[in-house]
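The values are calculated or read from the model by the stated rules, or taken from the named source; none is laboratory data. Just so it is clear, the model here is predicted, and its values are computed rather than measured. Every residue, glycine as well, gets a Cβ built from its backbone with ideal geometry; the counts of neighbours run over all protein chains shown. Protein only, heavy atoms only, side chains kept; ligands, DNA and RNA dropped before computing areas. Shrake-Rupley method; radii C 1.70, N 1.55, O 1.52, S 1.80 Å.
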Amino acid sequence: MRHYHTADAIRAAEAPLLASQPDGALMRRAAYGLATVIAGELGTVAGRRICAVVGSGDNGGDALWAATFLRRRGVHATAVLLSPDRTHPAALAAFRKAGGRLVQNIPAATDLVIDGVVGISGRGGLRPDAAAVFEGCGAPVVAVDIPSGIDVHTGAEDGPHVQAAVTVTFGGLKPVHALADCGRIELIDIGLDLAPSDLRGFEAADVAARWPIPGPRDDKYTQGVTGVLAGSATYPGAAILSTGAAVAATSGMVRYAGSAAHDVVSHWPEVIATPDTDTVGRVQAWVVGPGLGTDESAFATLRFALSSDLPVIVDADALTLLAAAPELVDGRSAPTVLTPHAGEYQRLAGTDVGADRVGAARTLAETLGATVLLKGNVTVIASPTGPVYLNPAGQSWAATAGSGDVLSGVIGALLAAGVPAAEAAAMAAFVHARAAALAAADPGPNPAPTSAGGILAHLRAAIASTIGKG
């Protein structure tokens, strides 16, 4: 499990170490780890050229110490001091003693740049003088803790910021490392004692440990029966995609009710399909919304699902209907999962998502008493209580029409199997992103655009490869 820690939590964990160790020891430990990563990036160290861009805080000290360690190994090291009067004195003295040179701008022949401008206490974009130093820089950048100019807690990019190829952070991950593009993340252990955070991210082993695996006494009913209320004569494809995803994600049973019953069965003959909810039979969770439409019949279908005592995932058209009648989720005893994209969020919340996506998801979850999966390249899953889960996709191959219908089917299958709502949403987001990456890489070797159908076709492989990590 990945845990993302606030700046305050990191500082609190650092305090006892700083008090118990000689002055500067913790900084040098961090800087040595930073220098090791940089040496790996450079490959051959001797004769290579680096430049540290140094701010006034401890990150500037880290950058100077790392440059000093590398200078001692034969690297040509230069440094740009953005605040000469407030540069870390011990680090600067060591840098000069090792033969490091001070310059006004990043030299043209530089092989790698160290971004030591702003630390985890920084706010807002880069100041003009700092932005000017990085402008036109063609060398890869290794950021210290965070890429300067990006908000540590929200990942917001409010103005000029550093584009890092690698970010080296110390002690624990911060929210920015999931919420923004930080390049490759390298975490250096400096001995911090950090408690589990309420901002988390599943890794493959976490998903594998929770994925419902049928036991020797299970049958198709005990594994969970997923009910799908989706699609219409106008949009039968949504029903096919969401139902197919539920089939791929569960070893139990899938029941479908709606006007696309014939289309669903023609694609998935294992599905029990009926034209209406009167004859659908017993289910253990509902998927409602994809391609459903927003007319009176669709509203009645949504009301039917939400009036049940079963877990319900509300997606697509059903979210638009719910925005006009939020009372439908008031007081539900069973879990409700909402899966809005930014536009659907605005309709539900009456306001834009804004820069703080975690805060936005938490607020909507608390307001509606539901689990909210806020879609995006970084999926945010929040419940009225409990931890928030972040799932960085690492790519945008899933940003294609119908992709959300596939995601809904997976969530529905996990809910039917008894997986708690927030975990079901986070697990589904994880395997959905993996399926999109597999689809984009098929047949390979270079990734290419895919489709919702392609994602669905690779869903079983994504699940299998994830379960294999357990």
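The figures follow:
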| item | result |
| --- | --- |
| Rounded percent of accessible protein surface that carbon and sulfur make up, the chain, 1.4 Å probe | 52 percent |
| Segment residue 279-residue 158, extension gain: residue separation times 0.36 nm, minus the distance between their alpha carbons | 38.2 nm |
| Order of exposure, largest accessible area first, which applies to 458, 161 with probe 1.4 Å | 161, 458 |
| More than 23 angstrom apart: percent of Cα pairs within region 2-197 | 37 percent |
| Sum of -39500 (n - 2.57) over DSSP H runs of 4+, divided by residues of the chain (222 nm, nearest 500) | -11500 deg cm²/dmol |
| Cα coordinate range in region 204-467, projected on the principal axes (Å, largest first) | 48, 45, 39 |
| FRET efficiency, residue 86 to residue 385 (Cβ-Cβ, R0 41 Å, nearest 0.05) | 0.40 |
| Label-zone membership for region 425-439, site residue 461, 7 angstrom Cα→C-beta point, backbone N under 17 Å | 431-439 |
| Separation between Cα centres of region 56-101 and region 367-441, rounded to whole Å | 44 Å |
| Potential lengthening between residue 351 and residue 297 on full extension [0.36 nm per residue; Cα-Cα distance subtracted] | 16.7 nm |
| Segments 19-30, 361-372 sorted - mean Cβ within 10 Å per residue, highest first | 361-372, 19-30 |
| Stretchable slack from residue 451 to residue 220, in nm (0.36 nm times residue separation minus alpha-carbon distance) | 80.2 nm |
| Per residue accessible area in Å² of region 204-467, where ligands, DNA and RNA are left out and the probe is 1.4 Å | 39 Å² |
| Rg/Rh for region 338-470, where both radii come from Cα atoms and Rh is the Kirkwood radius | 0.98 |
| Normalised contact order of region 279-421, rounded percent, pairs of Cα under 8 Å and 6 or more residues apart | 22 percent |
| Long-range HN-HN contacts of residue 24 with modeled amide H, under 5 Å | none |
| Rg and Dmax of region 294-364, Cα atoms only, in Å | 12.3, 36 |
| Where a label projected 7 Å from the Cα of residue 23 along Cα→Cβ would reach, residues of region 88-131 with amide N under 15 Å | 88-94 |
| Cβ crowding within 10 Å averaged over residues, with 445-455, 64-74, 419-429 ranked highest first | 419-429, 64-74, 445-455 |
| Whole-angstrom Cα spans of the chain along principal axes, big to small | 83, 44, 43 |
| Rg to Rh quotient for region 102-251, alpha carbon positions, Kirkwood Rh | 1.20 |
| Residue 96 versus residue 205: modelled label distance in nm, points set 7 Å from Cα along the beta carbon direction | 4.8 nm |
